[in-house]
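First the structure, in the form of structure tokens, and then the observations on it.
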Amino acid sequence: FFFVALLSNYRQISLALPLLAGQAMGVLYSASSVVVIAGESNAVNLTDGIDGLASGLFAIAAVGLGATLASPRYSSPGLALMCWSMAGAACGFLAHNGNPAKIFMGDTGSLALGAFLASTAVGTGCVVPFLLLTMVFNLEMLSVMLQVGYYKWTRARCGEGRRIFKMAPFHHHLEQCNWSEGGIVLAFYASGICLLAGNFFLPL
């Protein structure tokens, strides 16, 4: 995060998000950035449960984030190039991580990829495009939170834990519904590409 912050600057963030012009809001933004980075790291990590899923979705999100940063509003060609380079690296990794995977990303890789996306977004102020581009990751994390929360609530209320999904995260629920791994990956990729296309129509 601090590396990205050095490449950008606070003035650029305050221009992108005018509400942060005040000192108090700046402190709040810094504190919430920690939550965003930690949350997105875990979101990508939770998505990394099927061969090629997390790496492909990361590449799509990184391409969109790079395009956003290259736009005149953010004017960060260096960070845009970094995003595209990371997307290219993810595609190269995907050649060996696709089903059946020969190389696995693991927690080290997935946590780092999520932190990269989040720190780039909060370091430049392009939070809204980031949230759109990473929606698939975030919905995967939300499915886990709902599953765990509902299970604990029903266990405390009814004496027996109940589940919303057959299994969490959501891609495992689809597996339990007899979806093939390839079908799940393609469906998630299609969702990511739709979000990428929608990002180009954002006024931000």
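The values are calculated or read from the model by the stated rules, or taken from the named source; none is laboratory data. Here the structure is a predicted model, which means the values were calculated and not measured. Quick reminder, even Gly has a Cβ in these numbers, built from the backbone with ideal geometry, and neighbours come from all protein chains shown. To get the accessible areas, we keep the full protein, side chains included, count just its heavy atoms, and leave off ligands, DNA and RNA. Shrake-Rupley method; radii C 1.70, N 1.55, O 1.52, S 1.80 Å.
Values for this structure:
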read-out	value
Region 67-204, accessible area per residue, ligands and nucleic acids excluded (1.4 Å, Å²)	54
Separation between Cα centres of region 34-49 and region 85-138, rounded to whole Å	10
Value at 222 nm in deg cm²/dmol, rounded to 500, when DSSP H runs of n ≥ 4 in the chain each add -39,500 (n - 2.57)	-24500 deg cm²/dmol
In order through region 93-100: 3J(HN,Hα) via Karplus (6.51 cos²θ - 1.76 cosθ + 1.60), integer Hz, x for Gly, Pro	5, 4, 4, 10, 9, x, 5, x
Extent along principal axes [Cα atoms of region 126-167; Å; largest to smallest]	45, 18, 8
Using θ = phi - 60° and Karplus 6.51 cos²θ - 1.76 cosθ + 1.60, couplings along region 186-201 (whole Hz; Gly, Pro as x)	5, 5, 5, 4, 4, 5, x, 5, 4, 5, 4, 5, x, 4, 6, 9
Sequence-distant residues sharing a close amide H with Leu202 (under 5 Å, placed H)	none
Highest-first arrangement of 166-174, 29-37, where packing means the average Cβ count within 10 Å	166-174, 29-37
Whole-Hz couplings from phi, Karplus 6.51/-1.76/1.60, listed for region 60-65; x for Gly and Pro	5, 5, 5, 4, x, 5
Label-point separation, Ala197 to Ser71 (7 Å along Cα→Cβ), nm	1.8
